[in-house]
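What follows is a set of notes on a single structure, which appears directly below.
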Amino acid sequence: MKILRDWAPLLALLAVVIALATWWDARRRFEGLRSQADEAASPRAEPGWLKGTTDEKFLRVESQLRGFDKTMVEVGYRFTELYFAGKDRNWEYAEYQVEKIDAAIRLGIERRPKRAGSARYFLEEDLPAMRAILERHDAAGFDKAAVSLRQACVRCHVRENVPYFAVQLPERRLTPIRRAPR
Ligand code: HEC
């Protein structure tokens, strides 16, 4: 027992040292993880991929934004969503998709102004016709409106010399979005 009493202060000191070392190590690891996370969150931490002068950087960003093909990939997706939203009588979601198709094409024209002529009729007549059907929640009119809109897509493809991009009514759903139970 006496031995234990003699060594007690030393053992206590050892315990404190071990506890301190463990705490220090954990802190260092945590800081390492946090600085990795900061780097990932802030692109400023590392030199970015945009090189050269400001003008050169803008040109890189411009080409990364791409042309009308990007617009059309989005429009193709949204047309499918619009179609099934109409089939589901999910009017709000369908109207949302019409607005996004409109925005995507307008932004696409900013990047590729030579498409503006062909887009005008689509934006001013074809899309508003679909919008009107959706606003009226016109279930009977929707099927016809979908066919008309599909034909409008095809008309522009013909005018823009890509007639082999023949748009059909979609067969398969692309997302899990459905009409919410009401
Ligand atoms: C302003 C004319 C115009 C309208 C309106 C239009 N398209 Fe297009 N679409 C194009 C052009 C041009 C291309 C070829 C893209 C390119 O060469 O940059 C294209 C290509 C596509 C592609 C292929 C995209 C790819 O690169 O994989 C899809 C899908 C598409 N369109 C769907 C549609 C659908 C669906 C509609 C109707 C809701 C529609 N388009 C309306 C002009 C139009």
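A short reminder: the numbers here are calculations on the coordinates, not readings from a lab. Just so it is clear, the structure is predicted and the values come from calculations on it, not from any experiment. Reconstructed Cβ throughout: ideal geometry from the backbone, glycine too, with neighbour counts over all protein chains shown.
Here the residues 137, 157, ranked from fewest to most Cβ neighbours within 10 Å of their Cβ, fall in the order 137, 157. Estimated from the Cβ-Cβ distance and a Förster radius of 45 angstrom, the FRET efficiency linking residue 148 and residue 54 is about 0.45. Residues 30, 142, arranged from fewest to most other Cβ atoms within 10 angstrom of their Cβ, appear as 30, 142.
Helical content of the chain, expressed as a calculated mean residue ellipticity at 222 nm, amounts to -24000 deg cm²/dmol (DSSP H runs of 4 or more residues, -39,500 (n - 2.57) each, divided by residue number, nearest 500). Look at the alpha carbon pairs under 8 Å that are at least 6 residues apart: their mean separation over the length of the range 77-121 gives a relative contact order of 31 percent.
By the rule of a C-alpha distance below 19 Å, with chain neighbours fewer than 8 residues away ignored, the aspartates and glutamates paired with residue 70 are 62, 81, 99, 102, 110, 160.
Tell me the net charge near residue 120. Cut-off is 15 Å between Cβ atoms, residue 120 excluded, with +1 for each Lys or Arg and -1 for each Asp or Glu. Here the count lands on 0. Between residue 112 and residue 179, full extension at 0.36 nm per residue minus the direct alpha carbon distance yields a gain of 20.6 nm. When the Cα convex hull of the range 64-159 is projected onto planes of every orientation, the mean area is 5.6 nm².
Neighbour counts of other C-beta atoms within 10 Å: give me 148, 63 arranged from fewest to most.
The order, fewest Cβ neighbours first, is 63, 148.
Can you tell me, using C-alpha contacts under 8 Å and at least 6 residues apart, the relative contact order of the chain as a whole percent? Rounded, it is 19 percent for the chain. Here's the list of lysines a cross-link from residue 144 could span, going by alpha-carbon distance under 20 Å and ignoring same-chain residues fewer than 8 apart: 87. Legend: calculated FRET efficiency, residue 103 to residue 27, from the Cβ-Cβ distance at R0 = 41 Å, rounded to 0.05, equals 0.25.
May I ask you to give the average projected area over all directions of the convex hull of the Cα atoms of the chain, in nm² rounded to one decimal? Over all viewing directions, the chain projects a mean Cα-hull area of 21.7 nm². The label-point distance for residue 123 and residue 158, in a model that sets each label 7 Å from Cα toward Cβ, rounds to 2.3 nm.
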